[in-house]
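The values are calculated or read from the model by the stated rules, or taken from the named source; none is laboratory data. Nothing here was measured: the structure is a model prediction, and the numbers come from that model. Don't worry about glycine lacking a Cβ; one is built from the backbone with ideal geometry, like all the others, and counts go over all protein chains shown.
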Amino acid sequence: MEFDALCKAETTEERRRLPADRGRCGVMVETEKFLRNIPTMIKTYKILSLLLSYPNRELQEFLQEAEKVLRDEALLPDDKISGIAHFCNNFIDSDLIEWQADYVQLFDYSRSVSLHLFEHVKGDSKDRGQAMVDLIEFYKENGMHPDSRELPDYIPVFLEFLSTLAPSKSAELLGETVNIIERINIALNEKDNPYGHLFRAIVSLSAKEPDEAVTRKMIKDEKPLDLDAEYEEEPVTFGEGASTCPSKGGELWPACKH
């Protein structure tokens, strides 16, 4: 599937056709403005968003085109593009159902590689609710309306948002999360997992380098994911009734900088 067609599928019912029991909708937005901006988006961020999304047939068909689009845009260093090409080659001929199962096993059952940013800085804290409300409002203020069926701190959603901004602004905002991204990268490297190529590429796009002291502290303080507790806890609250956000100075990710 060609890149522009896959981007359009991300915003239409075509991309919504995923297994009902997964509860995943992919990375979608509900605004016509985003469709009009497809030709001027930062394609590198969009591709990284797609590659980190729950796998489906359209994504697998796109893998053979990803490297060319990345090299044409030339936003990433050559070695990072080669790493992404290795990732694509790893899954291009794999069984889709097995890939989907591996994706769920990797990202849904370990906090260290969770694809939800606030999972790494707020954990089970009820502060997550207001933080997500603030993030949704930030997206809307900047012209993007994420699909309500996916949490706003889902990394593919965040990367899609960055794809709609100027490159310098994208790199700046990515820098606010780079310690989280690096923490995931470290965990994937320990597992020798091909998804590590994607996170190394994301880190390279940041305006700031990761802070080793911060990532070490995140690893040290990380609590194992208790799946039973996750299912028993109260749902995250949005809007009125949500807890007070601890962010200071307007920063979206304060905890990942300390």
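A few remarks follow.
- A count restricted to the stretch 155-177 and to residues that are free of Cβ contacts under 8 Å to residues at least 40 places away in the same chain and either part of a loop (DSSP other than H, G, I, E, B) or among the aromatic types (Phe, Trp, Tyr) (or both) stands at 2.
- Condition check for Glu61: modelled with pLDDT under 95, assigned to a helix (DSSP H, G or I), of a type outside the set (Gly, Ala, Ser) and over 19 Å from the mean Cα position of the chain (by Cα): no
- Filter pass, Asn189 being at negative phi and either touching a residue at least 40 places away in the same chain (Cβ under 8 Å) or over 17 Å from the mean Cα position of the chain (by Cα) (or both): yes
- Contact annotation: residue pairs with Cβ atoms under 7 Å, 6 or more positions apart or on different chains, pairing a residue in the stretch 82-109 that is within 15 Å of His197 (Cβ to Cβ) with a partner that is part of a helix (DSSP H, G or I) and of a type in the set (Lys, Arg), are Gly83/Arg200.
- Residue match in the stretch 144-154 (condition: free of Cβ contacts under 8 Å to residues at least 24 places away in the same chain, surrounded by 19 or more Cβ atoms within 10 Å (Cβ to Cβ) and closer than 27 Å to Leu76 by Cα): yes
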